[in-house]
Amino acid sequence: MWKPILKKFAIIATFLTIISNILIFTYPSLHPTRCSWRCSTRTNEIDVSSLSLFERITYYSNRYFHDVKEQLFNDNKGELNVDDEDDIHLLAFGDPQIKGIWHNTPYKSRLDIYGNDYYLGHIYSMMQRRLHPSHVAILGDLFSSQWIGDSEFFNRTTRYMNRIFKRDTTTWLKDLKEREHDENGQYRVDWSKWADQFKANAASKNFSFGYNDVYSWDPENENYLFINLTGNHDVGYSGDATYQHMARYHEVFGKDNFWIEYETDTNHPWRIVVLNSLLLEGPALQPEFIENNWEFLYQLFERRFNGSTVLLTHVPLYKEEGLCVDGPLFRYYPDDYKPEPYKKNLLRSQNHLGEAVTNKVLNLVFDNDKPGIILNGHDHEGCETSYNRINGTWFATRDVDQTSDFHVKEYTVRSMMGEFNGNTGLVTGHFDKNTMTWNWYFTLCPFGLQHFWWFAKASAIITGFVWSLVFLI
Ligand SMILES: *[C@@H]1O[C@H](CO)[C@@H](O)[C@H](O)[C@H]1NC(C)=O
Ligand SMILES: *[C@@H]1O[C@H](CO)[C@@H](O)[C@H](O)[C@H]1NC(C)=O
């Protein structure tokens, strides 16, 4: 007598599994405009406020099915005009902040963390497949804590690379561990070697910060440029950052400060500037890191670059309370800080860069009056701000201040974590041949509720289980 009931249940479960899996594999089609590069042939969304419920449903489903069809049968490039072929297409991800599993982590959290890696990986592969970006930037806070040992840092790097960003680095990581490990064979960074190199570079002011026309670090295997950024959870705030933090970050994620100049011999040069925003102000544990960061900015300024700039950082620039969810906040270690007395009075955390530091950074990076864009993370909620300049002084407003002589927009990218709906930031750079300037556009593509992803995965498992019961009993 159980069989018919089970069978009915199995049919319903199958149906739900199919629908939910179709949705998670086509979710950008629910927001086609927000989840596509800006391009001249894509018409903007219509205003639905005057439509009836029925008309809205029809409009949204037409839009959805149209986009799904396009994804299935056309290469996305078909949507672009010849005029857009040289556009820059950058995917920006904020704060993945992956957590660790320890021996006392409860099973439910373990499952959560494990599933979360694949959830983030799903978002990344969907966006990669749909959009074929030219650049991918992870805006810092790759991991959830700066207080982890080298072995855990190594293990999270492995998850970050393999599960989320689908990079086959197994041999590379294995070699690294073979080169540098402790007596138990676990990864241990040789930070004193890195420190010696750092000090030698600092003495000669020779850091080789710059690159030219790099479109991939590994052209044989990938046709886009993958950019990692430091977050406070990766290297610490300046009161925390040690040689060990910096050495292991450099070893697996590359430089913390660099620029790449593109197409400098054309009429449309542009550049990417990656700035380690954690080490611009103190009091710092290792003040020489701060000096090094400013040296980077001075060398950048000395280039007298004549093109457009994409500035990538982790910590947002200074703004007054009320413009974004986070207001200005600085915390310092107290005088009698018992756990680590040597940290007393050092910078413990910050929501923004300081006001004077912000002004200086903007003047050094956007000195040539060419349009640009600033992307960062850190606050998780996301925000859009305009930095306006009047006589060399910058101030932030929500909308562009029309009295200013120059402005740059800052996009604080909402986090890709499930709690914030798994977002991807899409940046399109388009060179307008009429005005001879680069224009920058930003949109945010949300995944939607994380639970939906879990539902799709869990219902697939349950469906399989129920069908096997039906056939067994
Ligand atoms: C990292 O992974 C290795 C291999 O799975 C394991 O032996 C080691 O204990 C892990 N490290 C930490 C800190 O959990
Ligand atoms: C950035 O991190 C990825 C790992 O996800 C790594 O493969 C890549 O080499 C890093 N980039 C640089 C420039 O080191």
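Every number here is computed from the coordinates shown, using simple stated rules; none is lab data. All figures in this text were calculated on a predicted structure; none of them were measured in a lab. As a convention, Cβ positions derive from the backbone with ideal geometry for all residues, glycine included, and neighbour counts pool all protein chains shown.
Of everything listed in (1) more than 16 Å from ligand 1 (Cβ to nearest atom); (2) more than 30 Å from G94 (Cβ to Cβ); (3) free of Cβ contacts under 8 Å to residues at least 60 places away in the same chain, the single unmet condition for A202 is (3).
Every residue, every condition in (1) surrounded by fewer than 18 Cβ atoms within 10 Å (Cβ to Cβ); (2) of a type in the set (S, T, Y); (3) farther than 25 Å from V408 by Cβ, yes or no:
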| site | (1), (2), (3) |
| --- | --- |
| N434 | yes, no, no |
| Y441 | yes, yes, no |
| L444 | no, no, no |
| G448 | yes, no, yes |
| H451 | yes, no, yes |
| A458 | yes, no, yes |
| I462 | yes, no, yes |
| F465 | yes, no, yes |
| L469 | yes, no, yes |
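Might you check whether a residue that is aliphatic (A, V, I, L, M) and touching a Gly at 6+ places or on another chain (Cβ under 8 Å) occurs anywhere in the range 445-462? No, the range 445-462 contains no residue that is aliphatic (A, V, I, L, M) and touching a Gly at 6+ places or on another chain (Cβ under 8 Å). So the check is Cβ under 9 Å with 6+ separation or different chains; which pairs have a first residue in the range 152-180 that's farther than 18 Å from G100 by Cβ and more than 9 Å from ligand 2 (Cβ to nearest atom) and a second one that's among the aliphatic types (A, V, I, L, M) and not in a helix (DSSP H, G or I)? Listed by first residue and then by second, the contacts come to E180/V189.
If only one of V365, V357, V325 is surrounded by 22 or more Cβ atoms within 10 Å (Cβ to Cβ) and not polar (S, T, N, Q), which one is it? The conditions single out V365.
If you go through the range 380-405 one residue at a time, how many are aliphatic (A, V, I, L, M) and in contact (Cβ under 8 Å) with a residue 40 or more places away in the chain? Looking only at that region, the number is 1. Selection within the range 133-153: residues that are under 30 Å from V310 (Cα atoms) and of a type in the set (F, W, Y). The member of this set that is surrounded by the most Cβ atoms within 10 Å (Cβ to Cβ) is F153. Scanning the range 127-151 for residues that are at negative phi, in contact (Cβ under 8 Å) with a residue 24 or more places away in the chain, out of contact with any Cys (no Cβ under 9 Å at 6 or more places or on another chain) and away from ligand 1 (no atom under 16 Å from the Cβ) yields Q128, P133, S134, H135, V136, A137, I138, L139, L142.
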